[in-house]
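Here the structure is laid out as structure tokens; the discussion comes afterwards.
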Amino acid sequence: HCLAVRAVCQREIDCDRGSGYSWKITLLRNYWKSKVKQEWLNGRYSNIPSQLSLPEKSMYPMDVDTWGEILEAELER
């Protein structure tokens with residue numbers, strides 16, 4: 001699980017580990033974020049008719065750099 005989360009959230013994982021969080025806390029802090037971020041990066045939410053069409057778990061608190069990654073992926077589509 002740690003490697004799968006790190007593949008999507010490398011910057012976040014490295015930051016948490018650098019801040020002294022254990023691997024377990026780091027995984028807990030980033031697991032759902034990695035799931036949601038991967039869905040956004042894969043374009044799952046690229047062509048929705050309205051915000052009401054988003055699934056319940058489509059949002060998660062993410063920093064500006066993460067949203068920048070998502071925007072770049074959208075612009076490349």
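Things to note:
- Enumeration of residues in the range 30-57 that are among the basic types (K, R), in a helix (DSSP H, G or I) and at pLDDT 85 or above: K33, K35, K37
- Here G20 meets the list (1) of a type in the set (G, A, S); (2) farther than 22 Å from L71 by Cα; (3) in contact (Cβ under 8 Å) with a residue 12 or more places away in the chain almost entirely, failing just condition (3).
- Residue in the range 8-23 that is open to solvent by less than 100 Å² (accessible area, probe 1.4 Å), of a type in the set (V, I, T) and under 15 Å from the mean Cα position of the chain (by Cα) present: yes
- Pair list, Cβ < 6 Å and 6+ apart or interchain, from the range 51-77 residues that are under 21 Å from D16 (Cβ atoms) to residues that are of a type outside the set (D, E, K, R) and surrounded by 10 or more Cβ atoms within 10 Å (Cβ to Cβ): Y60/W32; Y60/V36; I70/W40
- Looking across the range 35-50, just one residue is open to solvent by less than 60 Å² (accessible area, probe 1.4 Å), among the polar types (S, T, N, Q) and in contact (Cβ under 8 Å) with a residue 12 or more places away in the chain, and that is S46.
- Going through (1) touching a helix residue (DSSP H, G or I) at 6+ places or on another chain (Cβ under 6 Å); (2) outside any loop (DSSP other than H, G, I, E, B); (3) surrounded by fewer than 17 Cβ atoms within 10 Å (Cβ to Cβ) one by one, Y60 falls short only on (2).
The values are calculated or read from the model by the stated rules, or taken from the named source; none is laboratory data. Quick caveat, the model's predicted, so the values are computed rather than measured. Heads up, the Cβs are rebuilt from the backbone with ideal geometry, glycines too, and the neighbour counts pull from every protein chain shown. What goes into the accessible areas is simple: the full protein's heavy atoms, side chains included, and nothing from ligands, DNA or RNA. Shrake-Rupley method; radii C 1.70, N 1.55, O 1.52, S 1.80 Å.
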